[in-house]
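Each value in this text was obtained by applying a stated rule to the coordinates, not by laboratory testing. All values derive from a computational prediction rather than experimental measurement. Heads up, the Cβs are rebuilt from the backbone with ideal geometry, glycines too, and the neighbour counts pull from every protein chain shown.
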Amino acid sequence: MNESILTLSISLLLFALVFIPYLWFTQKKRKKFEAKKQEAIALGHDKPIAQHPLIDQSRCIGCAACVIACPEHALGMIDGMAELVYPGKCVGHGVCAEACPVSGIRIVLDPAKSTAELPQLDENFQSNIPNVYLIGELGGMALLRNAIFQGKTVMDHISEKIKRSSHQKTDPSRYDVIIVGAGPAGLSAALMAQKNGLNYLLLEKEETPGGAILSYPRQKLVMTMPVEIPQYGVLKKRELSKEDLLELWSDIIQKTSLKVNCNERLDDVVRNIDCITTVTAAGNRYNGVYVVLALGRRGTPRKLNVPGENSSKVAYQLLEAVRYKHTHCMVVGAGDSGIEAAIALSKQQGTTVTLINRGADFLRAKPKNQDRIREAENQGLIQIYYQSSVSEIQDKSVMVQSPEGSLELSNDFIFIFAGGEMPAPFLKKIGIEFIHKDRTIAA
């Protein structure tokens, strides 16, 4: 009897030694993931911005393989099940689906619906308008690797069509292909056009090629696998800062002598009766046989148009507020997005937050956010400058015009929330047809 009690006691002790630490560790992790989930909701990042994982809870075995594999830390374990706790961080690379041992994850497009509205494209990314192609995020793929792959693929297809064409070129001012947008997809397409000996034109609305890269919300971009860039070779780095990526593209452009027309914003695309497409940008008219639109799907952030805005410390969206501890941050914009970003930053240890409001109130924001920002101001967590505007962005400071005059405020990072222009209405205006596409794009 005594031996049975002793055996039971030892068994219970061993069980407690294993189970209690496990329970403590599980609860600690759960609280961490719940906190991330609440942060995403507070910042308005609780909806995916591109393709993302859809987890089949009936198949999930709670092994956390997907959570460990995710380089963006967008997944977490809650109540023993994998969950997309920070949707706004997800870029849809699909390594979580590859890591799942029970095939319980699919990569999908739209966050809530069974379909997503996307441009109608064929297998070569050609739209319903003959010889007009859409790549990059417009093609439904947001990842850098996918954007580069699409640029290569579409240009190989166009090059092959040109080779098979019996039409003789008689107008020297007519381009074989006009590429609009000098982001990763557009640059990849232009490099392939150059490699294939095509007469190409690359248009970019920003001041410098690849300038849109600086509007990325992350300080660093994680590469899940090596990617081959045309005319350059294999990019093997697994992690790149925005500055690294922009410097890389600048180096490639210089070494390959790639031609780019900057400061030319797309105004119109017209298909003519002679099968030539006319592109109008910044008042200039260009004729081409093929047109490749690499405009991006998330829209163009509205800029302040002040000196220094091309600095790498400028962003138009906030992700991972925790990365900005012990810094001086400024938020420009008094709408919901600006208020939520400022509040999230104010919760970081050692971070000072300044909010620039060109108006005298926060009437554009939801009542709840109006209460939250006033409370943060009263507690001294956020310094607000009313009826003020940014006049210049410098390396370590920002110049602000306020009712008291010109002020120079110490600054490490600045987040601008001034709205933006989405490409879908423009595309529909020029005749691009959209369809509701099944959201599953990978298994």
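The table below lists the values:
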{"item": "Volume per residue of the C-alpha convex hull in the range 26-108, rounded to whole Å³", "result": "77"}
{"item": "Peptide ranges 351-363, 28-40 listed from the most packed, as the mean C-beta count within 10 angstrom indicates", "result": "351-363, 28-40"}
{"item": "Net lengthening on full extension, residue 99/residue 368 (0.36 nm per residue, minus Cα-Cα)", "result": "92.8 nm"}
{"item": "Among 70, 262, 275: highest mean-square fluctuation, GNM of the chain, C-alpha pairs under 10 Å", "result": "275"}
{"item": "Fully extended contour minus Cα-Cα distance, from residue 20 to residue 322, at 0.36 nm per residue", "result": "105.7 nm"}
{"item": "The chain: angle of helix 144-164 to the longest principal axis, Cα-based, in degrees nearest 10", "result": "20"}
{"item": "Rounded FRET efficiency, nearest 0.05, which uses the C-beta distance separating residue 41 from residue 81 and R0 of 22 Å", "result": "0.75"}
{"item": "Within the range 304-432, percent of DSSP bridges classed antiparallel, to nearest 5", "result": "40"}
{"item": "Angle between the chain longest axis and helix 336-346 axis [Cα atoms, degrees, rounded to 10]", "result": "50"}
{"item": "Of 295, 75, 304, the one that fluctuates the most in a GNM where the chain has Cα springs shorter than 10 Å", "result": "304"}
{"item": "Dipole moment magnitude, nearest 20 debye, the chain about Cα centre, only Lys, Arg, Asp, Glu C-beta charged", "result": "440"}
{"item": "Quarter of the Cα convex hull surface for the range 314-419, i.e. its orientation-mean projected area (nm²)", "result": "6.1"}
{"item": "Rg and Dmax [Cα atoms of the range 281-371; Å; Rg one decimal, Dmax integer]", "result": "17.8, 56"}
{"item": "Beta bridges per DSSP with both ends in the chain, % antiparallel, nearest 5", "result": "60"}
{"item": "Contour minus Cα-Cα distance for residue 358 and residue 171 (0.36 nm per residue)", "result": "62.2 nm"}
{"item": "Spacing of the two label points (7 Å from each Cα toward its C-beta) at residue 274 and residue 56, in nm", "result": "5.6"}
{"item": "GNM top mover of 147, 182, 321 - the chain, alpha-carbon springs below 10 Å", "result": "321"}
{"item": "Cα gyration tensor shape of the range 377-419, rounded if a/c is under 1.5, else prolate or oblate by comparing a/b with b/c", "result": "rounded"}
{"item": "Pairwise FRET efficiency - residue 243 versus residue 34, Cβ, R0 = 35 Å, nearest 0.05", "result": "0.55"}
{"item": "Which listed pairs, of 29/242; 205/429; 195/429; 29/89; 152/195, have C-alpha distances above 22 Å, in listed order", "result": "29/242; 195/429"}
{"item": "Prolate/oblate/rounded call for the chain, Cα gyration tensor, a/c under 1.5 rounded", "result": "oblate"}
{"item": "Simple spin-label estimate for residue 284 and residue 311 in nanometres, 7 Å along Cα-Cβ", "result": "3.0"}
